[in-house]
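Student: A single structure is presented below for examination.
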Amino acid sequence: MVLSGMSDMGQLEDNTSYMKEFVPLNGEEMAVIKNVIDSINSSISIACTGCGYCVEGCPKDIPIPRYFALYNQFKIFGGGSNSRGYYQNYAGAHGKAEDCISCHKCERICPQHLSIAEGMKDVAAVFDIEQES
C-alpha cells in the first residue's frame, strides 16, 4: 500500500497516472520479497510497533518502545551497534529496564499484546546487568 498526500485534482491525476501501465510482480519477484520479509521478521526479537501507549502509565517512567527498539538493534548488530550508548542516555533521564516492577499496566493497554515485563527483563540483561560487571 502506498499513501500519498494530495490536495488537488492535479496531484491525484499525477499520482494515479503511474498505474496506467501496471504490471503485477511475477513469481520470482514475489519470492524475493517473501525472503526479505522473512529475514526482517526473523531478526526482530520484540515485535513492538513503537506506538507508545504503554509509556504514559508506567510508574517508573520507562521509555518502553525506545528500549525495545534498541534491544532489537543490539540483537541484529551486536556490540557494533550504538544501542548501548543510546540506552545509557535514555536511562539517565528515565527509568532503566531493570527498574520495571512488573505491574503489567503497560501490558493491559498494549495493542500488540506484548509481554512487556518479560521484554524488560531481556533488555535489562543486555543493557543493565552487563554494564554493571
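Throughout, read-outs are computed from the coordinates displayed, never taken from laboratory work. Everything numeric here is computed off the predicted structure, so don't read it as measured data. Neighbour counts are summed over all protein chains in view; Cβ atoms, including those assigned to glycine, are modelled from backbone coordinates with ideal geometry.
Student: Just one of (i) 8.2; (ii) 12.0; (iii) 7.2 is mean projected area of the Cα convex hull in nm² as worked out from the coordinates here. Which one is it?
Tutor: Correct label, based on the coordinates given: (ii).
Student: In the chain, with Lys and Arg counted as +1 and Asp and Glu as -1 at Cβ, which of these residues, 89, 69, 40, has the Cα nearest the positive end of the dipole, that is, farthest along it?
Tutor: 89
Student: For the chain, which span is the longest to avoid every loop-located (per DSSP) member of GluC sites (Glu not before Pro) having at most 16 other Cβ atoms inside 10 Å?
Tutor: So the longest stretch without any such site is 57-133.
Student: Using Cβ-Cβ distances only, list the Cys residues of the chain with no partner cysteine under 4.7 Å, sorted by number.
Tutor: 48, 51, 58, 100, 103, 110
Student: Using Cα pairs under 8 angstrom and six or more residues apart, how large is the relative contact order of the chain, in percent?
Tutor: Working: 111 pairs, mean separation 29.8, N = 133.
Over the chain, the number comes to 22 percent.
Student: Leaving out same-chain residues fewer than 8 places away, which lysines sit with a Cα under 17 Å from that of residue 60?
Tutor: Those lysines meeting the cut-off are 96, 105, 121.
Student: Could you tally the net charge around residue 100, taking each other residue with its Cβ under 12 Å from the Cβ of residue 100, Lys/Arg +1 and Asp/Glu -1?
Tutor: Details: positive: 60, 96, 105, 121; negative: 61, 98, 99, 107, 118, 122, 128.
Overall, the nearby charge balance is -3.
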